[in-house]
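In what follows, a single structure is set out as structure tokens and then discussed.
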Amino acid sequence: MSRLFFLFCLIAIQTLSPANAQEKTESDFPPAIEAEARTVGKSLRCVVCQNQSIEDSSAPLAADMRQLVRERLAAGDTPEEVRAFMTDRYGNFVLMKPPFQPDTFILWGAPFAFVLIAALCWRLYLRPGERILDTPDPLSDEEAARLRARLQEPGDI
């Protein structure tokens with residue numbers, strides 16, 4: 001009996017296909033809406049993953065956002081209206097290319113500030129060529145004589 005149960009479990013596991021675990025595509029929308037939704041989805045950031053668009057993310061929230069984009073486009077919204085809706089809902093962070101505004105200044109200005117600070121540090125601390133000391137003048141005869149006398153004296157130096 002246990003062999004039969006084991007065989008049944010083995011067959012059941014084999015029939016489960018990895019393809020069934022993949023997310024199904026939104027096929028209930030017309031191809032034109034689907035293509036437009038993919039374009040809009042590439043411009044929207046997944047708020048869970050933060051480094052992927054909602055089209056590239058496999059997070060459940062990204063799937064909900066993709067569905068929302070398709071529903072809004074099917075309802076007649078333009079891509080700009082869909083982006084505005086998502087921005088109102090999630091903030092400028094949801095856009096893959098956020099606008100240049102006071103609240104996104106750090107995001108846009110940080111790379112330039114980093115380069116400026118690196119250049120300033122290079123100028124102040126590394127300055128190639130300026131750290132090489134000049135060769136000192138040779139000792140005069142009088143200085144050489146005093147040095148020899150000091151070196152011959154007994155005691156600690």
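Here are some notes:
- Any hit, segment 24-33, residues being charged (D, E, K, R), at pLDDT below 85 and assigned to a helix (DSSP H, G or I): no
- In the set (1) modelled with pLDDT under 90; (2) loosely packed, with under 14 Cβ neighbours inside 10 Å; (3) in a loop (DSSP other than H, G, I, E, B), Leu10 fails one condition alone, (3).
- Cβ-Cβ distances below 6 Å connect the following pairs, each with a first residue in segment 50-70 that is assigned to a loop (DSSP other than H, G, I, E, B), a second residue that is among the small types (Gly, Ala, Ser), and a separation of six or more residues or different chains: Ile54/Gly41; Ile54/Ala62; Glu55/Gly41.
- Matching residues, segment 78-123, being touching a residue at least 24 places away in the same chain (Cβ under 8 Å) and hydroxyl-bearing (Ser, Thr, Tyr): Tyr90
- Screening Thr39 with (1) surrounded by fewer than 14 Cβ atoms within 10 Å (Cβ to Cβ); (2) within 16 Å of Tyr90 (Cβ to Cβ) gives one miss only, at (2).
- Residue among Leu68, Leu61, Leu44 that is under 22 Å from Asp28 (Cβ atoms), surrounded by 11 or more Cβ atoms within 10 Å (Cβ to Cβ), touching a Ser or Thr at 6+ places or on another chain (Cβ under 7 Å) and not hydroxyl-bearing (Ser, Thr, Tyr): Leu44
- Qualifying residue in segment 125-146 (condition: among the basic types (Lys, Arg), under 30 Å from Glu34 (Cα atoms) and assigned to a helix (DSSP H, G or I)): no
- So Gly76, is it at pLDDT below 90 and in the same structural domain as Arg45 (by TED's automatic domain parsing): no
- Every residue from segment 101-122 that is closer than 29 Å to Arg66 by Cα and surrounded by 10 or more Cβ atoms within 10 Å (Cβ to Cβ): Gln101, Asp103, Thr104, Phe105, Leu107, Trp108
- Candidates Ser17, Ser2, Ser53: the one that is at pLDDT 90 or above and among the polar types (S, T, N, Q) is Ser53.
- Residue match in segment 84-99 (condition: charged (D, E, K, R), surrounded by 13 or more Cβ atoms within 10 Å (Cβ to Cβ) and in a helix (DSSP H, G or I)): no
The values are calculated or read from the model by the stated rules, or taken from the named source; none is laboratory data. All of these numbers come straight from a predicted model, not from anything done at the bench. So basically every Cβ, Gly included, is an ideal-geometry build from the backbone, and we count neighbours across all protein chains shown.
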